[in-house]
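See below for the structure under consideration.
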Amino acid sequence: MIMSEIVFAYPKILFLLLLIIPLVAWYILKQKAVPFIQVSSIKPVEDIPVSYKEILAHGLFALRLIVACLLIIALARPQSSNNWENVSTQGIDIILAMDVSSSMLARDLKPDRLEASKGVAIEFISGRPDDRLGLVVFSGESFTQCPLTTDHAVLVNLFNDMKSGMIEDGTAIGVGLANAVKRLKDSDAISKVIILLTDGVNNQGAINPLTAAELARAFGIRVYTIGVGTEGMANYPIQDMFGRTRMVSMEVEIDEETLQQISDITDGKYFRATDNNKLRQIYQEIDRLEKSKINVKEFSRKEEEYLPFVLAGFIILLLEFIIRKTILRSLP
């Protein structure tokens with residue numbers, strides 16, 4: 001809510017307005033201190049009406065006082081200021097750490113695990129307009145696809161460019177988590193969150209996942225872990241020696257124990273997504289859990305407002321000059 005009010009850059013100058021009081025007193029005393037003569041009776045002239053010019057002459061003094069008041073106000077530099085009330089808004093830094101290993105091409109989610117994960121994550125991003133979000137991808141290695149940003153259009157484009165095979169194959173959960181922590185450790189956000197999504201078991205990388213989790217806890221980062229994959233067997237696309245793609249049924253292996261430990265260490269939560277609907281529900285729950293609110297006070301913008309007072313003073317001064325040089329020009 002915005003309210004506009006007038007403030008003064010130099011409010012002490014307004015004390016000059018007190019000079020108006022002695023000026024008015026001086027003028028009144030001056031009118032009484034006029035020459036006089038003694039007469040036996042004023043009856044012959046007491047019925048003569050007061051001339052409008054005499055009244056107007058006193059009005060000139062009033063106009064000059066008004067001009068003086070306007071100039072003093074202008075010197076105090078009046079400014080219009082927009083006051084902004086404190087408003088509540090979400091303000092959270094979130095890194096999405098996504099597994100892009102070849103196993104993410106399994107078809108137990110539609111069209112596959114990776115595309116399903118990308119689609120739901122993009123929906124999640126669109127529902128967090130006030131947050132900074134970033135993207136870290138990992139497989140056998142890890143790199144930052146997008147640092148923390150409020151430009152969600154750029155982030156979505158980078159999500160769309162994400163694909164399996166863009167880095168060495170494997171599942172380096174610890175390295176991926178550590179990379180995400182690196183992107184959040186210097187953040188001063190009220191809440192720092194990592195959403196780590198994988199479909200496998202840590203089998204590469206020099207950093208143990210639980211060591212990375214301890215690192216996240218040290219920096220006050222909460223980690224939500226998501227295991228993606230159905231229970232039992234799932235179809236995986238593989239290429240034969242002739243380059244043709246065929247489906248092979250393989251057992252789904254997700255290290256749920258490690259993912260649960262990561263979330264426990266960092267005060268997060270572990271989820272298992274066995275289909276598209278479950279994955280969407282998981283992101284919706286995380287969204288609800290992270291609707292933390294912070295107070296934001298906007299800076300007010302000031303604009304100079306002295307010009308109307310100067311113009312009004314000039315117009316009144318001009319009016320006083322015209323009256324004195326026309327209607328009252330015969331007066332001393």
Seminar exercise, completed: Amide H proximity to G134 below 5 Å, modelled H, separation 5+ or other chain, gives I94, I95, L96, T149
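Take the Cα pairs of the range 88-295, get the Kirkwood Rh, then feed it into Stokes-Einstein at 20 °C and 1.002 mPa s and tell me D in µm²/s.
Result for D is 126 µm²/s.
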Exercise. Once the principal axes of the Cα atoms of the range 54-169 are found, what is the range along each, listed largest first in whole angstroms?
Worked result: 101, 25, 21
Problem set entry | Pairwise Lys count, the range 88-295 - Cα closer than 14 Å, eight or more residues apart or different chains | 6
Exercise. Can you pull the Kirkwood radius for the range 204-327, inverse mean 1/r over Cα pairs, to one decimal in Å?
Worked result: 21.3 Å
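Read-outs throughout are calculated quantities, based only on the coordinates presented, and are distinct from any laboratory measurement. Not measured: the values here are computed from a predicted model.
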